[in-house]
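J.: Pasting a structure here, questions to come.
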Amino acid sequence: MAVPGVRIWRNARLASMDAERPSLGLIDKGAIMADATGRILFAGLEADLPASAGAEVTDCEGRWITPGLIDCHTHLVFGGDRAHEFEMRLGGASYEEIARAGGGILSTVKATRAASADDLFASADRRLAMLMSEGVTSIEIKSGYGLRIDTELRQLAVARRLGQERPVTVRTTFLGAHALPPEFAGNADGYIDLVTGPDLMRRLADEKLADAVDVFCEGIGFSAEQSRLVFEAAKAAGLPVKIHAEQLSNLHGAALAASFGALSADHLEHLDEAGAQALAKAGTVAVLLPGAFYFIRETRVPPVDLLRAAGAAMAVATDCNPGSSPLTSLLLALNMACTLFRLTPEEALLGVTRHAAKALGLQAEAGMLRAGLWCDLAIWEIERPAELCYRMGFNPLWRRVWRGS
């Protein structure tokens, strides 16, 4: 009997990333079946595939299937670019000289404030298309370049629109506490009062503008105590939290975030052993961002050995942003994570699938090939999964599937 809407991908090799299977959850001679709603009905050996007459069948001809990739840390929606400041820096200009010339994050803030929603959508859409072309099916998009309530909300609305108009799952994060806007120069506490206002937090939650709240806890950002205020306000509104932490120094922001059950702590170059242990104990994902490490010529790598020893889940993301990581290739981020941070290919691949899903609170929806999850697939012309980490500037994607189609 025909089952309307059922689709099957057969004659495939699966890297299921299923936590109930060892390593990458490899399945030779595998198959996947999805129902009409886009959920996986079966992922396993083709010999065990349930009968389904009339299903639409795709012969993968021995290709590899992974879950659709997940970019769990981006700042995709922003105005302008900072290529001129890149030239200045290569010419020997200091950060202070660039700032005096109108560069730095405030140049992006100025451009973002001046951009219409349609302009922001159009530029972000081009960046999103690049990521999707490499098999990305879920993505996180932060605000943080408005540093003014109206512009921050515009960024979040544009991110939501991307998820509504493109075949991709978008999770949005409010990063109002990204930097200090010029209007609040010398008054960081006053700005924190603004972005933690209960009316704003309730609006973010009630209007479903944000799925999480983030803060940049750093000497050039906000203190641990100011970060705590952000977390307390988010918690009161029922929103989960994330943190940019330990990128340039160790303010123990990761441990603070873990104490609030944060979804993730990101960057982490200066993380200590206590911080790694706190992340593991709380189940907070350590998100590693090799694009930013590379672009700003950082020299201190994240303490991957400490994270491994603690048993913390590690994810990998592009950190796509105009100032420190203008990167729109998650495949290149995989290679960087292995070459610069010495992750194994297995760790890196789990970091853009199963662990990336957890960093976004999507572990029950995406990141693995398992019955009940969304049928988000990346089908690859490769000989082995490690090839996705090995190559640079090469895209072996054969087909991308989002929610079964």
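J.: Residue by residue through the range 38-59, note down the ones that are within 30 Å of Ala313 (Cα to Cα) and either out of contact with any strand residue (DSSP E or B) (no Cβ under 9 Å at 6 or more places or on another chain) or of a type in the set (D, E, K, R) (or both). I'd like the intermediate steps shown before the answer.
T.: The first filter runs over the range 38-59 and keeps only residues within 30 Å of Ala313 (Cα to Cα), leaving 38-45.
Scanning the range 38-59 gives a single hit, Arg39.
J.: Taking the range 183-201, which residues are open to solvent by less than 30 Å² (accessible area, probe 1.4 Å) and outside any helix (DSSP H, G or I)?
T.: Result: Thr196, Gly197.
J.: Which one of these is touching a helix residue (DSSP H, G or I) at 6+ places or on another chain (Cβ under 7 Å) and either open to solvent by 10 Å² or more (accessible area, probe 1.4 Å) or of a type in the set (D, E, K, R) (or both): Gly80, Gly5?
T.: Gly80
J.: Mind checking which residues of the range 284-303 are more than 18 Å from Leu251 (Cβ to Cβ) and touching a residue at least 40 places away in the same chain (Cβ under 8 Å)?
T.: Matches in the range 284-303: Val285, Leu288, Pro290, Gly291, Phe293, Tyr294, Val301.
J.: Then there is this: I want to confirm something. Restricting to the range 131-163 and keeping residues that are open to solvent by less than 60 Å² (accessible area, probe 1.4 Å) and part of a loop (DSSP other than H, G, I, E, B), which single residue is nearest to Ile105 (Cα to Cα)?
T.: Tyr145
J.: Among the residues of the range 164-179, write down those that are within 14 Å of the chain's Cα centre (by Cα), more than 23 Å from Gly323 (Cα to Cα) and open to solvent by 10 Å² or more (accessible area, probe 1.4 Å).
T.: Scanning the range 164-179 gives a single hit, Thr169.
J.: Tell me, which residue of the range 83-95 that is open to solvent by 60 Å² or more (accessible area, probe 1.4 Å) and among the hydrophobic types (A, V, I, L, M, F, W, C) is farthest from Ala333 (Cα to Cα)?
T.: Of everything passing the filter in the range 83-95, Leu90 is farthest from Ala333 (Cα to Cα).
The values are calculated or read from the model by the stated rules, or taken from the named source; none is laboratory data. Worth saying up front: this structure is predicted, and the values here are computed from it rather than measured. Cβ: placed from backbone, ideal geometry, glycine included. Neighbour counts: every protein chain shown. These accessible areas exclude ligands, DNA and RNA; they are computed on the full protein's heavy atoms, side chains included. Shrake-Rupley method; radii C 1.70, N 1.55, O 1.52, S 1.80 Å.
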